[in-house]
Amino acid sequence: MSKEKSKKKVRVFSKMLCFIALLVLVAFLYMIYKLNVLPSKYFYAISITLGLLWFIYFIICINKRIKKSILLIINILAIIFIAGESYVTYELYQTYDFLNNGIHVKSTKDIYYVVVNKNSVYNNKSDIKNKTVYYYEDITEIDKLKEIVTKRLKVTLEEVEDYHNLFDGLLEDNEKIILINAGSYDALIENDEKYKDNLKKIDEIEFEKILENVTSESNIMKQPFIVYLSGIDTRTDSMPSRSLSDVNMFIVVNPDTRKILLVNIPRDYYVHLHGKSGLRDKLTHAGVLGGLELSKATVEDILGYKADYYARVNFNSVVKLVDAIGGITINSDVDYSFKCWTDKSCVFRPGANKVDGKCALAFARERHAYKTGDRHRGENQQQVIQLVVDKLTSSKNLIQNYDRILKALEGTFESNLSTDNITSVVQFQLSDMRGWEFITSNLNGTGSNEPTYSYPNSSLSVMFPDQKTVEEAKAKIKEVLEEKEED
């Protein structure tokens, strides 16, 4: 083969490679555009730079005076560049697909237990065929649940008038059978030791609820907003629709002043649940009786402000998110060491403690190591949130671990924040990598033992609100929402 023919083949191959490079470049820029996390100035800079590089390559490919050896070297470099660009394009597509289809929980599950006295002769679902099972109507889809239960268990269902009537006689009557939501059952055995040791579950029924799609397309970083954060006590990747709400926090964000206010409301706050009359109840029970909607509405009643958005996470998401950003360094503000009561392997010493997700969660749940108990736990939760946000908003973590951070929330994150809302937050931070100023506010109160709306016949550990701290929190919310950045 002559040198001229050989060079001609190289030029033909170069032109084909140049065309492929153009297709890959278009796909790459299209995915960046669709993902919508880069500020416009960065997107245009990348587009112009890569466009110029491709144009230079195109000129080289059609220039017949370029030596074959040089053309081969440039082609090798082009192949490496195309391979890298293709890989990044694929990762961008995966992230885009996850943002639109994977980050939000698509459904929640109500889990119901069939429960009897521990001494009952009933041990499984076949033992209760044709028996009467008592239930309390605590969900709007009660007809669908009854259909599932009667078909599965072949039983007769009988409704009780009040929630607490469900448990009447259960400890004495070996024949009584009840159907109870898993969250209500967890609350029951948490609040009364005699139930914890004297009941048994003989069957479990899952009832799925499909959530509505989030359609908001607004850029939430244009004005101040409030997010209600609910943390539920479950360590799986599922999201039950109702559970004890162990974390109740208002996150007030002012993008203009770059201030974030964290307002913590103790789980045992003794308040009137939204829309409920009669006895007060512990705030955490709102998540059992009415799910996220009741918890959110009750917190809004306490603080006097409506939350624009909500985020509901389970404890497993905390573990995965902290691990995704490489851990955090927690400051223990007491002058003694302690082992966390939820995980004895997590030991905290005075001062700085570098921890992974497992121990970050244990620290956020710790209350037994402190004299002020639940109040100190709220401060721990605020510290964990602040440390996670600080690390998330650093350029290194946000860019390098973006996909890992998102996937850490998969299946454990329920919110009415849309995909566009989330990407607008990332875009806002990338356009200005300054940090955020955190302010905290912790509602306080006085401990007591009182009957509750959920358990009127028992005295439970509760906290009477200190109205002074409530008013101080309201004032801080107002200040953060209305403050403007100084020119």
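Around the amide H of L244, modelled in the peptide plane, lie the amide H atoms of D233, all under 5 Å away and 5 or more residues distant in sequence or on another chain. Taking amide hydrogens as placed 1.01 Å from N in the peptide plane, the amide H of F413 sits under 5 Å from those of V105, each at least 5 positions away in sequence or on another chain. By a 1.4 Å probe calculation restricted to protein chains, T89 has an accessible surface near 20 Å², given to the nearest 10.
Solvent-accessible surface of segment 126-202, averaged per residue with a 1.4 angstrom probe and all protein chains in place: 53 square angstrom. Among E147, E437, E161, the order of accessible area from largest down is E161, E147, E437, computed with a 1.4 Å probe on protein heavy atoms. The angle between the Cα long axis of helix 3-35 and the longest principal axis of the Cα atoms of the chain comes to about 30 degrees, rounded to the nearest 10. As a ratio to 2.2 N^0.38 Å, the alpha-carbon radius of gyration computed for segment 295-345 takes the value 1.68.
For the chain, the longest principal axis of the C-alpha atoms and the axis of helix 142-153 are separated by about 80°. Shape analysis of segment 37-76 yields a ratio of the Cα radius of gyration to the Kirkwood radius, Rg/Rh, of 1.20. Based on the reciprocal of the average 1/r between different C-alpha atoms, the Kirkwood radius for the chain equals 26.0 Å.
Residue separation of N449 and N101 scaled by 0.36 nm, minus their Cα-Cα distance, works out to 120.7 nm of gained length. Per-residue extension of 0.36 nm, minus the Cα-Cα distance of E137 and D343, leaves a gain of 70.5 nm for this segment. Note on the chain: helix-only mean residue ellipticity at 222 nm, from DSSP H runs of 4+ residues weighted -39500 (n - 2.57) and normalised by residue number, equals -14000 deg cm²/dmol. For K194, go through the lysines and keep the ones whose alpha-carbon is under 16 Å away, minus same-chain ones fewer than eight residues off. The reachable lysines, counting only those whose Cα sits under 16 Å from K194, are K118. Going by alpha carbons, how many degrees (0 to 90, nearest 10) lie between the helix axis of 68-101 and the longest principal axis of the chain? Result, in degrees: 20.
Please report, as a whole percent, how much of the solvent-accessible surface of the chain comes from carbon and sulfur atoms (probe radius 1.4 Å). Could you put the intermediate results ahead of the total?
Working: 12950 of 24200 Å².
Carbon and sulfur atoms account for 54 percent of the accessible area of the chain.
When DSSP beta bridges are restricted to pairs lying wholly in the chain, around 70% turn out antiparallel. What the Cα convex hull of segment 26-106 gives, in volume per residue, is 78 Å³.
Over segment 224-335, average the accessible area per residue using a 1.4 Å probe and give it in Å², no decimals.
Details: 3210 Å² over 112 residues.
Accessible area per residue: 29 Å².
Calculated FRET efficiency, Y87 to K129, Cβ-Cβ distance, R0 = 60 Å: about 0.55 to the nearest 0.05. Share of pairwise Cα-Cα distances greater than 26 Å in segment 103-215 is 19 percent (whole percent).
Lys and Arg at +1, Asp and Glu at -1: add these up for the other residues within a Cβ distance under 14 Å of G169 and post the number. Write down the numbers at each step before the final one.
Numbers: positive: K176, K194; negative: E158, D162, D168, E172, D173, E175.
With Lys, Arg at +1 and Asp, Glu at -1, the neighbours total -4.
Shown in residue order for segment 186-196 are the 3J(HN,Hα) couplings computed by the Karplus curve 6.51 cos²θ - 1.76 cosθ + 1.60 at θ = phi - 60°: 4, 5, 4, 6, 6, 8, 9, 4, 5, 6, 4 Hz (x for Gly and Pro). The simple spin-label model puts a point 7 Å past each Cα toward its Cβ; for N63 and T150 those points are separated by 8.3 nm. Computed over segment 141-191, the P(r) curve from all C-alpha pair distances, binned at 10 Å from the origin, holds 20, 51, 28, 1 percent per bin. In this structure, E410 and I73 have a Cβ-Cβ separation that, at R0 = 41 Å, corresponds to a calculated FRET efficiency of about 0.40. By the compact-protein rule of thumb, 2.2 N^0.38 Å, the alpha-carbon radius of gyration of segment 258-393 corresponds to a ratio of 1.14.
Give me the number: length gained by fully extending K196 to L157, i.e. 0.36 nm times residue separation minus the C-alpha to C-alpha distance, one decimal in nm. Can you show the working numbers first?
On the way: separation 39, 0.36 × 39 = 14.04 nm, distance 2.44 nm.
Using 0.36 nm per residue and subtracting the Cα-Cα distance, I get 11.6 nm.
Between L52 and H368, the simple spin-label model (points 7 angstrom out along Cα→Cβ) gives 6.4 nm.
Think of a 1.4 Å ball rolled over the protein heavy atoms: segment 416-463 then has 41 Å² of accessible area per residue. How large is the Kirkwood hydrodynamic radius of segment 30-165, counting all unique pairs of alpha carbons, in Å? 22.0 Å is the Kirkwood radius here. Extending 7 Å from Cα along the Cβ direction at E208 and again at D335 yields two label points whose distance is 5.7 nm.
The values are calculated or read from the model by the stated rules, or taken from the named source; none is laboratory data. These numbers come from a predicted model, not from an experiment. Methodologically, a virtual Cβ is constructed for each residue, glycine included, from the backbone with ideal geometry; neighbour enumeration extends over all protein chains shown. To get the accessible areas, we keep the full protein, side chains included, count just its heavy atoms, and leave off ligands, DNA and RNA. Shrake-Rupley method; radii C 1.70, N 1.55, O 1.52, S 1.80 Å.
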